[in-house]
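Reviewing the structure listed below.
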Amino acid sequence: MFLLAPESSEAVQRFYKSSADAQGFLMNLMAAWAWRPDVFESFAALRDQLTSNSALSKRDQAVLVCATASQLRDSYCSLAWGKKLSAEAGAAAAAAVLAGSEGAGLTARDRALADWARKVVANPNSTTRDDVQALRATGLDDRAIFEATAFIAFRLAFSTVNDALGAAPDWQLVRAAPQEVNAAVTYGRAPHAMPSTSAL
C-alpha cells in the first residue's frame, strides 16, 4: 500500500481485530481504512442498511460486485467476490461475469444485472430506458433497480479507495478462490505472494 500504517492505538487495534475476526485474517486494505475506522464502519453500516432490506438476493449482489469490479479492473474485489459468486452460481458462471463473457450457468437476470453494472461504472450517462426495461423484464421492480444502482455506487466508491491507495489482493483470496476465478482475473494489482510453507 502507498500509505504508511497509522500509529497503533486502542481504536486501531480494535479495528484490526474486528476485521481479522470477521474474515479469518487481516486484509491488506484494512491498513488504509485504519486511518479512519469510523468512516469505514459508517460506510459498512449504510451499505448493510441498503442490502438488508433489499429484494436483491445474495446471488444478485455477487453478480453486481463482480461486474462492477471487473469493469473497474479491480482485482481485489474480483477475487473476493468471485469466490462468493462461485458459491451461489458455480465457478464457471463467476468466471464469465468477471471476464464479461456469455458463460454457462448465467441467467437472464444475471446478464441484465452485469450489463447494468458495467454501464453504470463505465458511463452512467450512457444508460437508457431500454436498459432499465431489460432489468424489469427479468423480474426486478423499480425499487430493486434503485437498490442495485445504489449498491453499484457503494461498491465503486469502496474499490476506488482501495485501488487508488495501492491495496494489493491478499494471497489468502487467491488460495480460496476457484481456479476459474483466478484465471479470469487478469487485470488490476497483482496479489501479494503467498509466503513460503515454513512461514505459514
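Kindly indicate whether residue 185 is in contact (Cβ under 8 Å) with a residue 12 or more places away in the chain, closer than 18 Å to residue 50 by Cβ and of a type outside the set (S, T, N, Q).
So residue 185 fails the test.
List every residue pair whose Cβ atoms sit under 6 Å apart, with the two residues 6 or more apart in sequence or on different chains, where the first one lies in segment 153-165 and is within 15 Å of residue 39 (Cβ to Cβ) and touching a residue at least 60 places away in the same chain (Cβ under 8 Å) and the second, anywhere, is among the aliphatic types (A, V, I, L, M) and assigned to a helix (DSSP H, G or I).
Note: pairs meeting the criteria are 165/32.
Can residue 19 be described as touching a helix residue (DSSP H, G or I) at 6+ places or on another chain (Cβ under 6 Å), of a type in the set (Ser, Thr, Tyr) and either part of a helix (DSSP H, G or I) or exposed (fewer than 11 other Cβ atoms within 10 Å of the Cβ) (or both)?
Yes.
Could you list, in sequence order, all residues of segment 163-180 that are buried (at least 22 other Cβ atoms within 10 Å of the Cβ) and part of a helix (DSSP H, G or I)?
173
Just wondering, is there one or more residues in segment 188-200 that are part of a helix (DSSP H, G or I), touching a residue at least 60 places away in the same chain (Cβ under 8 Å) and either surrounded by fewer than 21 Cβ atoms within 10 Å (Cβ to Cβ) or not charged (D, E, K, R) (or both)?
Within segment 188-200, not a single residue is part of a helix (DSSP H, G or I), touching a residue at least 60 places away in the same chain (Cβ under 8 Å) and either surrounded by fewer than 21 Cβ atoms within 10 Å (Cβ to Cβ) or not charged (D, E, K, R) (or both).
Specify which of the listed residues (97, 161, 120, 132) is hydrophobic (A, V, I, L, M, F, W, C) and closer than 22 Å to residue 23 by Cα.
Testing whether each residue is hydrophobic (A, V, I, L, M, F, W, C) and closer than 22 Å to residue 23 by Cα leaves just 161.
Exactly one condition in (1) farther than 12 Å from residue 78 by Cα; (2) crowded, with 20+ Cβ neighbours inside 10 Å; (3) hydroxyl-bearing (Ser, Thr, Tyr) is not met by residue 159; state its number.
Of the numbered conditions (1) farther than 12 Å from residue 78 by Cα; (2) crowded, with 20+ Cβ neighbours inside 10 Å; (3) hydroxyl-bearing (Ser, Thr, Tyr), the odd one out for residue 159 is (1).
Which one is farthest from residue 82 (Cα to Cα) among residues in segment 92-103 that are without any contact (Cβ under 8 Å) to a residue 40 or more places away in the chain and surrounded by fewer than 22 Cβ atoms within 10 Å (Cβ to Cβ)?
102
Sort out which residues of segment 27-82 are without any contact (Cβ under 8 Å) to a residue 40 or more places away in the chain, assigned to a loop (DSSP other than H, G, I, E, B) and touching a Phe, Trp or Tyr at 6+ places or on another chain (Cβ under 7 Å), and write them in order of number.
Residue satisfying the conditions is 34 alone.
Just to be sure I understand, how many residues within segment 104-143 are surrounded by fewer than 19 Cβ atoms within 10 Å (Cβ to Cβ) and either part of a helix (DSSP H, G or I) or modelled with pLDDT under 95 (or both)?
Qualifying residue count for the region: 21.
The values are calculated or read from the model by the stated rules, or taken from the named source; none is laboratory data. Remember, it's a predicted structure, so these values are computed and weren't measured experimentally. Heads up, the Cβs are rebuilt from the backbone with ideal geometry, glycines too, and the neighbour counts pull from every protein chain shown.
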